[in-house]
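For reference, the structure discussed in these notes is given below.
All of the numbers you see were taken from the coordinates with simple rules; none came from a lab. All of these numbers come straight from a predicted model, not from anything done at the bench. We place every Cβ from the backbone using ideal geometry, glycine too, and count neighbours over all the protein chains shown.
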Amino acid sequence: MMEKPKYELSMCVTTLYGAEPKWLQIIEMIEHYRLQGVEHFYLHIHNATTYDLKIVNEYVRTGELEVHYLYERDQRTDDHWQMVSIADCLMWSRKESKWTIFADLDERILMTEYNGTILDYLREIKDEKIASVKFRQQWMLKTELLPEKYKDEKQFYSISENVASTGHMSSTTEKVNATDASLYLIDGIDRFAWYLKRATKDTLKKASNISTLYGYEFEHEITVTVTSWQRTGFRVYCRYLNKSNKEIGEGEESITYPDYMVNCPKRTGTWKIGISVEKTGEFEALPLVNRMMREPKYELSMCVAPLYGAEPKWLQIIEMIEHFKLQYVRTGELEVHYLYERDQRTDNHWHMVNIADCLIWSRKESKWTIFADLDERILMTEYNGTILDYLREIKDEKIAGIQFRQQWVLKTELLPEKYEGENQIEKWMPAHRWHNSSAIGPSGHTAKCIIDSSKVFRMWVHNVEEYFPGHGYFMKKLTPEEGLVRHYRDQTLGSWGEKWLNSTLRFGPLRLTDYPTKFLGKLTTLVKKRARYVLRSRNHQAESIAVLLKTAYEEYVALHSSKTKESTAYPQVIHVSPHHAINSNDVHATSSVLSSDDTEIQCIQCNHNITFQFKQHNKSNKSIQLQTPIHVQ
């Protein structure tokens, strides 16, 4: 319900599918249309490689691109996914953008003799009856697949110089707004003086580079989270851009403090923020995430530790989310930030980036925020209610968080790689499968917390490192009778069993424990439902193909045996028309249903009209056409 469109010109990009690497096409396409005045991109993804997604997610992070994912809950060919993309993007862009381009990833719309950009042309249209402009097509014959990965700049035939390069914006005469310093007070002094005092005792260090993550606008400052490792206490410069992507004044000196954060004074008219290591150096412009809420949007949210490691995580993700939803965690339901390896580090150092960013991410948006890992289930024990019920009973404004003690549930197997059906879910859900547990750890030992992030200045994995001063904030530590953490800790990953099991046994002998029965039934139902909805389709399709193959083969045998005594004397080609599109991988996966020593099954044509060829060794080729198409329902 916008009074006027947010963008003048946006673009709906056709669904990403197919095997060709797309990363270079994505970059060239976006940069081309940015030069034509496009401000925002809408993209649907049906399939893309992890490498392609690195590029996609970078543009998402900078606010230039939004993504909707299309999942294969029912099978169809790629052109049918394109129609879903078009229908959704029509609604997605309506009212948000004045004009919207609909084009493919490999298409470049251009003005020819007109001396201006696409946006310039559209701005000249005054006739309100004109609802669209249509461009005729010219095909450029592409004869090679694009490279799979980036190697160096020599891969490119040419590289444009200074094309909308962030950090080289021309300055404007817009006035810098030096907000009243009294609004910035922390512990009775200007907040930026307080940051400087705590960040360094000597002169500030000079950073060689800085990598930014997100920019959050609060009432009294803009906080930029960064991913650069070992950068605390370095001098950097805040760079401000207005709605037209013009820089507002000169860079403002600031510091990297606390860990993985830079705080910038606010300036009137700022739409984007960037951080550079030199006053006029290059920087990446980030859109501002609004954190100037009068009231939190959510009562209870959760910051999940970064996902890394080789173990399949789909079942853990579903169980974790559904568990905490039963505890009344409410979001939309999930937001994701991607962490890229611009500089190398071990996984635990990425965890600290996650905590710093999520502290700011949740601040002002959620009243309470859980900080926990994917394999942890925080529970109330003897308290007769949910986590949210307990938090609602807290009336002391000095309580900035509650802390839960840890109990390790010894996980001894890796979770399954793929979904196979509902029986698998109940067999493998951590809540069902593992019960052998340690004694409860002592207070503060690897504890996990739920905090009010507006009261916490610095957060760590297991506790609060520093509260905002002057208010007497503190952490309330819960007893095991009130609540605890069930941590399904794998014994092999990271050699945890070798390193830490003996130390946990010092807390007491192992015992069998269970996930609470009052939640287990509903949790199981929810996990099954979500897994079935998202993951079942391809497995169900494979089962359907197996039935189709068997039926087709039996029909051939019946038809052939009426003409000869040797029912399997001839090889066969059977033409069938399944109701859904079939992928050749599905056929290969189900061919074992009919395969034997003398039979081979192949998918000859994989689209709506499927040909299955049954070959028998040392036989001559003959074929029949089924009179009635067989449909996969």
Descending Cα extents along the principal axes, region 298-515, whole Å: 50, 43, 34
For region 448-506, average projected area of the Cα convex hull in nm²: 5.8
Debye intensity ratio in log₁₀ form over the Cα atoms of region 181-290, taken at each q of 0.10, 0.21, 0.22, 0.24 Å⁻¹: -0.25, -1.15, -1.25, -1.44
FRET efficiency, residue 268 to residue 109 (Cβ-Cβ, R0 45 Å, nearest 0.05): 0.80
Residues with amide H under 5 Å from that of residue 14, placed H, sequence gap 5 or more: 103, 104, 105
Mean Cβ count within 10 Å, highest first, over the residues of peptides 234-242, 388-396, 134-142: 234-242, 388-396, 134-142
For peptides 120-127, 362-369, 223-230, sequence by mean Cβ density within 10 Å, most packed first: 362-369, 223-230, 120-127
Bins of 5 Å, starting at 0 and running to the largest distance - Cα pair percent for region 1-143: 2, 8, 18, 22, 21, 15, 9, 4, 1, 0
Cubic angstrom per residue, convex hull over Cα atoms of region 270-318: 174
